[in-house]
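One structure below.
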Amino acid sequence: MADNRPIGVFDSGIGGLTVLREIWNLMPDEGTVYFGDNGRAPYGTKSKSTVIRYSLQNMKFLEEQNVKMIVIACNTASAHAYHSLTRNSSVPVIEVVTPGAIAAAGTTRNGRIGIIATKGSVNSGVYKEAVERYAPAGTKIFQQACPLFVSLAEEGWWDNDITAAVCREYLTPLKEEGIDTLVMGCTHYPLLSDAIARFMGPDVKLINTGVAVADVVRDTLNSLDIASSGGGEVLRAFYTSDEPKLFEDVASPFLGRGLPAGTKHFSTDRYEV
Ligand code: DGL
């Protein structure tokens, strides 16, 4: 039966927009409610227990918006909090690590895959394990935490000299390992994909997990028979725990005219979890 309730999407900030955009592209009839926890970002340097608490609070907020599904559009939150969310959520929960891992495993030709992610995701080992699960035996995996990429993305410095210098610093070891596939294992990183691609060169395929995640969202809606029937007005709501204007200034160039004015402020730390 059609379900016209919106899909809830959250991230620590603007990184989840790289997933949201792919959801819009693939499923233009689906309404969405996006929550960016910019006021408490970054998640990638925080402890597991803190990321779980923040994620549960974000989940509660989205449930109150009457969503039919929650997409954790953040690899760090997916790595640390997916199981806590699925245990507590009243609606299906989609995480972003597995789709990216499957895409990477199916892309490599030389069996050398790089993963760039936050410190939290790298240290959790969840991404590496997921790629190992799906990649051919003998695949070599190289991980690199790139914490400054999140600040560059949030600042809107997506492709300038400073970003190029930071890419050189973080990515040189991966280039030297001769990887042919690089997973952008943090939803903020696709915002920097021009700078990353230029440094890595044309022989390295970048995996933007947003595309793979949107496929999983569509397949899940269809298999549960809860896709929208379309036809009505499509909700596109945005909330941030920081200043709405700051959020819109950085998000607008990325979403183009897709970002309606009227982002609202909301702090999810009021929820007891
Ligand atoms: N966008 C997030 C991720 O995918 C986290 C960035 C951060 O807050 O550190 O991991």
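The values are calculated or read from the model by the stated rules, or taken from the named source; none is laboratory data. As the structure is a prediction and not an experimental result, all values here were calculated from the model. Cβ atoms come from the backbone with ideal geometry, glycine included; neighbour counts cover every protein chain shown.
How many residues, within segment 142-156, are not acidic (Asp, Glu) and not in a strand (DSSP E or B)?
9
State whether one or more residues within segment 92-100 are farther than 20 Å from Ala145 by Cα and in contact (Cβ under 8 Å) with a residue 60 or more places away in the chain.
Checked against the condition, which is being farther than 20 Å from Ala145 by Cα and in contact (Cβ under 8 Å) with a residue 60 or more places away in the chain, segment 92-100 yields at least one hit.
Counting just the residues of segment 190-241 that are assigned to a loop (DSSP other than H, G, I, E, B) and within 20 Å of Arg109 (Cα to Cα), which one comes out nearest to the chain's Cα centre (by Cα)?
Step by step, filter segment 190-241, then rank; the result is Val204.
Before we move on, is Val166 touching a helix residue (DSSP H, G or I) at 6+ places or on another chain (Cβ under 6 Å), within 16 Å of the ligand (Cβ to nearest atom) and closer than 11 Å to Ile113 by Cα?
The answer is no for Val166.
May I ask you to list the residues in segment 22-45 that are closer than 21 Å to Leu192 by Cβ and buried (at least 19 other Cβ atoms within 10 Å of the Cβ)?
Selection gives Glu22, Ile23, Tyr34, Gly36, Asp37, Asn38, Ala41, Pro42, Tyr43, Gly44.
Among the residues that make up segment 23-37, is at least one of them at pLDDT 95 or above, within 12 Å of the ligand (Cβ to nearest atom) and not charged (D, E, K, R)?
yes
Mind checking which pairs have a first residue in segment 247-273 that is farther than 28 Å from Asp159 by Cα and a second that is acidic (Asp, Glu) and surrounded by 17 or more Cβ atoms within 10 Å (Cβ to Cβ), Cβ under 8 Å, 6 or more apart or different chains?
Correct list of pairs: His265/Asp242; Thr268/Asp37.
Quick one: is Ser55 modelled with pLDDT of 95 or more and closer than 15 Å to Gly120 by Cβ?
Judged against the criteria, Ser55 is a match.
For segment 124-148, which positions are touching a residue at least 12 places away in the same chain (Cβ under 8 Å), over 17 Å from Lys175 (Cα atoms) and not hydroxyl-bearing (Ser, Thr, Tyr)?
Val126, Lys128, Ala130, Val131, Arg133, Ala135, Pro136, Gly138, Pro147, Leu148
Condition first: more than 10 Å from the ligand (Cβ to nearest atom), surrounded by 20 or more Cβ atoms within 10 Å (Cβ to Cβ) and either within 16 Å of the chain's Cα centre (by Cα) or assigned to a strand (DSSP E or B) (or both). Now tell me which residues in segment 103-121 satisfy that.
Ala103, Ala104, Ile113, Gly114, Ile115, Ile116
Filter segment 60-87 for residues that are away from the ligand (no atom under 16 Å from the Cβ) and touching a residue at least 40 places away in the same chain (Cβ under 8 Å) and give the result.
Lys60, Phe61, Leu62, Glu63, Gln65, Asn66, Val67, Lys68, Met69
Of Leu17, Leu56, which residue is within 14 Å of the ligand (Cβ to nearest atom) and of a type outside the set (Val, Ile, Thr)?
Just a single option satisfies the conditions, and that option is Leu17.
Just a yes or no: is a residue in segment 82-91 of a type in the set (A, V, I, L, M), surrounded by fewer than 24 Cβ atoms within 10 Å (Cβ to Cβ) and within 20 Å of Val217 (Cα to Cα)?
Among the residues of segment 82-91, at least one is of a type in the set (A, V, I, L, M), surrounded by fewer than 24 Cβ atoms within 10 Å (Cβ to Cβ) and within 20 Å of Val217 (Cα to Cα), which makes the answer yes.
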